[in-house]
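The values are calculated or read from the model by the stated rules, or taken from the named source; none is laboratory data. Keep in mind that this is a model prediction, so the values were computed, not measured. Note that each Cβ is placed from the backbone with ideal geometry, even for glycine, and that neighbours are counted across all protein chains shown. The accessibility values were calculated without ligands, DNA or RNA, using every heavy atom of the protein model including side chains. Shrake-Rupley method; radii C 1.70, N 1.55, O 1.52, S 1.80 Å.
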Amino acid sequence: MVLGLLLVARITLADHPFEGLGGGLAVAAGALGLFCAWILLSTAWSDAPARGLIDFDRALLYWLALVLLGSVRWDGPRVAWAVRGVAVAIVGVCAVALLTRLFPDAIDVAAAVAKDRLSYPLTYWNALGLMAAIGIVLCLHFTASEREPLAVRIIGAGALPLLAATLYFTFSRGAAGVAVIGILVYVVVARPRSLVLGLAAAVPAIALTLVAAYDADLLASDDPTTAAAAVQGGDVAGVVALCILGAAVLRALMAPADVRLRSLPVSAATRRKAWVATTTALVAAALVSVVALDAPAKVADRVEGFTEQRDPSDEDDLRGRLTEASNNGRIKQWRVALDGFGDEPLTGGGAGTFAHLWALERPSDLKVEDGHSLYLETLAELGLVGGLLLAVMLVVVIGGFAARARGEYRHLYAALLGAGLAWAVHAGIDWDWEMPAVTLWLFALGGMALSVQRAGARFWAPPRFARVLLGVACLALIVPAGAMALSQWQLNRSVERLKTGDCSGAIDAALAAGRAVPVRPEPFEVLGFCDVRLGKAELGVEMLEAAVEREPGNWMFHYGLALVRGAAGRDPRPAARRALELNPREELARDAVRRFRTDDPREWRRG
């Protein structure tokens, strides 16, 4: 809503509201806009239109960031400051996250956040790991680029040990892997002269930090908040602080060498020769390592281990995850998504419906809401049309970084390219799209990279009437977001009051939630349960039937309908059987079928 209002203000008040608009931005914004429209259209054939509205709001957020930032003309220095701001935000989040692990007594996180793998404040460890990985790529750029100010080079070096420690305590193999990808892309594309100096300052500090973190075995246990774990946390905190200080001081001492490297004249021919020589040396070293370490056999073992159909590991020592090759159930989820795509290849089943597809077909007891792959889940939910729109948009946005990765600001855009590719790879194995905290930056900075940067460029300046129409259209776009925000706030209040037994307050809040977004089924579920508590079982049946009507593919509402029908003395068995059909591995659904097997209405009420 905030981004929408800012875009309205720019359209109506700026002299040239679209001065940054060029061909690349138009294609990316058009593809993402059509993607949003396709999500909204999918609610017409989806069995969960409210879920589609939530997905629409999220995609609209990304579109607004892309268009709003892209409409401004950004030159290199402005983009550099924006990237520094993003990096500061990432480091701040990771610092807070790390403190919750190292000082659990001083910083108590919510009970709903997992204790074992570091996830606060994003609530999901892999997302936090990805955020740290992106921060590592950006901060490596800051400390390795002689074109950055000295203060930025020093701060970048000091931030890397903190980011590395945060990434480690998430125990996220995928995030660690994409961090390596992002670093390699940056090194190959940027080729900064001060790379050796930046690595010399940061790598020893990172190594010492990771050794200290790894040795703190209690911080890698199922409960890292014990008194003994807190002692280890304090020790690790001391090492991290010293490593941050050491990396920053060492990088500062190398400042004179940066000056010499920057002033050193190097011809194009010399650069090509150095590049060829370096590449040859790296390839030769890689080949020697492959032979010496018997890499093919080890890689084959890893690939075989990954493709095995195994569920997530339950090891008490989470350090073992770092060397695991299992897929943590990902392949099962991807196959279910592909099956869904095969059923509806053109349109998909509708936005947000993967959870229904998984409940119906899941080959294990693992419960998931998302397909753990942006690309496969999009194919399952939005079909080939949605997949193509998503692909075009991402290729153009990340391609914008690549197109700018030359000339004076090559280092800067190479860092964005590395971070963007790291995100794109990780999004293929997790649900980062649903986490704006690790995704919004891509579209904001992508809009900046795609904007027209040459001075004097002017796109069409709309007349006053056209500005008003565009402003009204933007306001109309954010109405669903406002309605959903109001509905969710009231629904949260309703559920809280239901849990405390305050059905009068729960009913009032549920009614408000339903009025805000009438297609949502959850408010009717709350109303139905409260009606039964108040002795109005027949009315409760009507409310649960309304919930089922709004999301017929969700087993939970059929299960709730079975309960309220039983309380009303009406046959609950069809609803219980339908719940089990929609989720055959769900124990609650099985229990309902067993419980309501009798023909006696008294037993239904007792059940």
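Structure notes:
- Reciprocal of mean inverse Cα separation for region 103-246 (Kirkwood radius, Å): 15.7 Å
- Size of electric dipole in the chain: Cβ of Lys, Arg +1 and of Asp, Glu -1, about Cα centre, debye, nearest 20: 2240 debye
- Kirkwood hydrodynamic radius of the chain, Cα pairs, Å: 26.9 Å
- q = 0.10, 0.11, 0.14, 0.15 Å⁻¹, region 36-176: log10 I(q)/I(0) [Debye, one scatterer per Cα]: -0.49, -0.58, -0.84, -0.91
- Surface/4 estimate of mean projected area, convex hull on alpha-carbon atoms of region 351-494, nm²: 12.9 nm²
- Restricting the calculation to Cα atoms, region 445-602 shows an Rg/Rh of 1.26 when the hydrodynamic-style radius is the Kirkwood one.
- Ranking VAL479, VAL517, GLY501 by how far each Cα lies toward the positive end of the dipole of region 474-607 (charges on Cβ) leaves GLY501 at the top.
- Region 208-241 and region 542-607 have their alpha-carbon centroids 48 Å apart.
- Relative to one another, the C-alpha centroids of region 42-97 and region 468-488 are positioned 17 Å apart.
- Maximal additional length on extending the ALA106-VAL593 stretch stands at 170.6 nm, based on 0.36 nm per residue less the C-alpha distance.
- The residue list PRO463, LEU167, GLY156 was ranked by how far each Cα lies along the charge dipole of the chain toward its positive end, using unit charges on Cβ atoms, and PRO463 comes out on top.
- In a simple Cβ point-charge model (Lys, Arg +1; Asp, Glu -1; nothing else charged), region 486-573 has a dipole of about 120 debye relative to its Cα centre.
- Under 27 Å from the Cα of LYS499 - lysines, other chains or at least 8 residues apart: LYS115, LYS367, LYS536
- Accessible surface, the chain, averaged per residue in Å² (probe 1.4 Å): 44 Å²
- Three principal axis lengths of region 490-575 [C-alpha, angstrom, descending]: 32, 27, 17
- Computed FRET value (nearest 0.05) for ALA292 with SER504, which takes r as the C-beta separation and R₀ as 56 Å: 0.15
- Diffusion constant of region 122-183 at 10 °C, which comes from Stokes-Einstein with the Kirkwood Cα-pair radius and 1.306 mPa s, µm²/s: 137 µm²/s
- Sorted peptide list for 161-173, 216-228, 519-531, criterion being average Cβ within 10 angstrom, highest first: 161-173, 519-531, 216-228
- The magnitude of the dipole of region 120-223, with charges of +1 and -1 set on the Cβ of Lys/Arg and Asp/Glu and taken from the Cα centre, is near 560 debye.
- Annotation: average projected area of region 1-81 is 6.3 square nanometres, based on the convex hull of Cα atoms across all directions.
- With all protein chains in place and a 1.4 Å probe, the accessible surface of the chain carries 66 percent carbon and sulfur.
- Alpha-carbon centroid distance for the pair region 384-406 / region 343-358, whole angstrom: 24 Å
- Stretchable slack from ASP116 to LEU6, in nm (0.36 nm times residue separation minus alpha-carbon distance): 35.6 nm
- The relative contact order of the chain comes to 20 percent, based on Cα pairs under 8 Å that sit 6 or more residues apart.
- Partnerless Cys - the chain, beta-carbon criterion under 4.7 Å: CYS36, CYS94, CYS139, CYS243, CYS474
- Comparing GLY371, GLY348, CYS94 along the charge dipole axis of the chain, the residue lying farthest to the positive side is CYS94, per the Cβ-charge model.
- Applying 1/(1 + (r/R0)^6) with R0 = 41 Å to the Cβ-Cβ distance of VAL519 and LEU245 gives a FRET efficiency near 0.15.
- Prolate/oblate/rounded label for region 174-243 (Cα gyration tensor, a/c 1.5): oblate
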